[in-house]
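Input: a single structure, listed below in structure tokens.
Just so it is clear, none of the values below were taken in a lab; they were calculated from the coordinates. As the structure is a computational prediction, the values presented were derived from the model and not from experiment. Because the Cβ atoms are built from the backbone with ideal geometry, glycine has one as well, and the counts that use them run over all protein chains shown.
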Ligand SMILES: C[S@@+](CC[C@H](N)C(=O)[O-])C[C@H]1O[C@@H](n2cnc3c(N)ncnc32)[C@H](O)[C@@H]1O
């Protein structure tokens, strides 16, 4: 990210989710706050999506696929939250929240949401919320943290997060912008909770010679938010296992979208592009570690 500026990619993903709400396509994610938070009218959303196609010469089908993926990863995360809440979990942490809107639609009584983000992006989001007249619910606490220079532990404990209670961590669209050291430090913190924890993360497979992917690599670098980290599915799962995560599910973006569209998964498409992972850490109190699970 550029020093002193909010994340531009956070605005881009928010515009995509907003356009998904009005585009003539199956609604994978229903998000009544998505359009409001952008501050744009439906016409402006359409004009912006068209302008991007014209400016960067993007294939409209590629733009649509990307939009469907962004909707699918949020839906997958929110389904994970729903299951966790049904099982009694009452803390949700949205890491690198950008203009994510779950906290403003949180339907669960007693569930606290912590939005963690780079201080510059978070300050900008708060201005946008105020401008759009979106109330900040009592259940939400903001925790400004630059993952490359401040610990998540410090940021979350200041915000009142209870490390002894179970939690769901949602970390979407962020790890590709971080160094591997920063990613591992945060995963270590999550795995080091004393109580059980679930995490939903997406990561990018190493770029292939696909020209549309290379074009996107160049675009994010040009706006000052280069992709720094890529993983194969095996590398990512090995890293999670080494940190104590278990029950690791890895889905390619294409398979996840097809699941929500109730289409059979494509037989080709391979591993390239984004993957979404859900994993569980039983926490440091797990049996055989510091004693029986509580
Ligand atoms: C592509 S946006 C994704 C935002 C949101 N999760 C979504 O899905 O729309 C990337 C997010 O990562 C955050 N981010 C990037 N580098 C960061 C850092 N060093 N520390 C904290 N957050 C960072 C940005 O502020 C931004 O909110």
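Can you figure out the FRET efficiency of residue 62 with residue 41, using R₀ = 25 Å and their beta-carbon distance, to the nearest 0.05? Show your work: numbers first, answer last.
Working: r = 25 Å, r/R0 = 1.00.
Computed FRET efficiency for residue 62 and residue 41: 0.50.
Mind pulling up the Rg/Rh value for the chain? Radius of gyration and Kirkwood radius, both on Cα.
On the way: Rg = 18.5 Å, Rh = 19.7 Å.
Result for the chain is an Rg/Rh of 0.94.
Working out 0.36 nm times the residue gap between residue 53 and residue 82, then minus their Cα-Cα distance, what length gain in nm do you get to one decimal? Write down the numbers at each step before the final one.
Working: separation 29, 0.36 × 29 = 10.44 nm, distance 3.55 nm.
Taking residue 53 through residue 82 to full extension adds about 6.9 nm, to one decimal.
Go through 12-19, 252-259 and give me the packing order, highest mean Cβ count within 10 Å leading. Mind showing how you got there, number by number?
Numbers: 12-19: 23.0, 252-259: 20.5.
Answer by packing, highest mean first, reads 12-19, 252-259.
Can you tell me how much longer the chain between residue 208 and residue 25 gets when fully stretched, taken as 0.36 nm per residue apart minus their C-alpha distance, in nm with one decimal? Each step should come with its number before you reach the end.
On the way: separation 183, 0.36 × 183 = 65.88 nm, distance 2.83 nm.
Result for the pair: 63.1 nm of gain on full extension.
Roughly speaking, what is the stretch gain from residue 261 to residue 5, that is 0.36 nm per residue apart minus the C-alpha to C-alpha distance, in nm to one decimal? Write down the numbers at each step before the final one.
Details: separation 256, 0.36 × 256 = 92.16 nm, distance 3.67 nm.
Separation in residues times 0.36 nm, less the Cα-Cα distance, equals 88.5 nm.
Suppose only helical runs count, i.e. DSSP H with n ≥ 4. What mean residue ellipticity at 222 nm does that imply for the chain under -39500 (n - 2.57) per run, divided by all residues and rounded to the nearest 500 deg cm²/dmol?
On the way: 11 runs with 129 residues, N = 294.
Result for the chain, helices only: -13500 deg cm²/dmol.
Of the candidates 281, 139, 74, which one comes out as most mobile in a Gaussian network treatment of the chain with C-alpha springs shorter than 10 Å?
It is 139.
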